[in-house]
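Reviewing the structure listed below.
A short reminder: the numbers here are calculations on the coordinates, not readings from a lab. Model, not experiment: these values are computed from the prediction. Neighbour counts run over all protein chains shown; Cβ positions are idealised from the backbone, glycine included.
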Amino acid sequence: MSQENKTERATPYRRRKLREEGNVAKSVEIATSLTVLVGSVVLLFTGVMIFREVVKFLLAVSGLRPYEFSLQAVGMVRDSFLNTAKVLIPFFLITVGVVVASHIAQFGVVFSLKPLQFRWERINPFEGLKRIFSLSTLFELVKNSLKALLLFGIALFVVKESVSLIIGSAQIPLADGILFLLNLTFKVVLILGIVAFLIALLDFAYKRWEYERRIRMSRREVKEEIKQLEGHPEVKAKIRARMREMARGRMMAEVPKASVVITNPVHIAVALKYEPEKDRAPVVVAKGKGTIAERIVRIAEENGVPVVRREELARALYPAVRVGEEIPPEFYRAVAEVIAFVLFRRRKVYV
């Protein structure tokens, strides 16, 4: 279906499924720019120590005599490497933490192996050519080219003011010249990192917009999803019918336990159960119309339950009381007369 027909926002269910597959809105530029920005700040504090270790090592090695070099160089390299590693390890840990935090900030914690699954289109040369010459690839190429030109222009603008100082750095002491170049480099990298991060925020906003546009759904897809979640009408109808059948079966099983069945004469049947020791009032254990009423009467007759014809009472009881409920007070007198009549007949039979 064409993208133009997909006018509806993605449903929460579709978003959750896409998220489980690792399909989320993200911008790689965020992680890259933050890594450069935070890395430059960390190097500001650790760069001096790294530089000091390198200079110390070079001075120590340059002061060795030829016959001493083979004896002491290995130990000096090891010590210098360990000291430098102590400084670089926090730098790498912070860098990894920045990358992880930048991704979590964009789309939260998502773990999915589906992007790693093998797919034939990845090795299909025609699909590869389509991806290379697609509009999205062209957009990324133009975007990265413009970003590179912008960052290069900003770098030239920052360095332009220090050109004379760079040229004159050859006439100042070596340590001062190196510190000047390091400070200039840090300044350029920091400014470029800030600009790159601002560009990354714009890129992330575009990626969110493009992601929302890409996952839009058509009205037909929304309806199909609702059917899948709530069940197709045919299936729901069958479930309801099955539930009614099961409830009817349980209801019919209570008819043999009834005290009396009131009918009209077979169009409506209401089975009542009354146990004076337990019940406050008679309870409707079964009721029905038509064929169900006929079944209630038949089961009652088969199990010796009295069937009494009371047209008005049956018509009034049927809509007023649900199965399992006690009869309302307004029916006490009429029902009491029926039960008394049933008990009188039973005594007369026994006598």
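Sites listed here are trypsin sites (Lys or Arg not before Pro) in segment 239-319 whose DSSP assignment is loop and whose Cβ has at most 13 other Cβ atoms within 10 Å: 278, 280. The dipole here belongs to segment 252-350: it is taken about the Cα centre, uses +1 on the Cβ of Lys and Arg and -1 on the Cβ of Asp and Glu, and is about 220 debye. Remark: the Cα gyration tensor places segment 285-328 in the prolate category, a/c being 1.5 or greater and a/b exceeding b/c.
When a/c reaches 1.5 or more, the comparison of a/b and b/c decides; with that in mind, is segment 252-350 rounded, prolate or oblate per its Cα gyration tensor? Numbers along the way, then the final one.
Values: a/c = 1.35, a/b = 1.07, b/c = 1.26.
Taking the square roots of the gyration eigenvalues as a ≥ b ≥ c, segment 252-350 is rounded.
Each of residue 210 and residue 104 was given a label point 7 Å from its Cα along the Cα-to-Cβ line. The distance between the two points is 2.7 nm.
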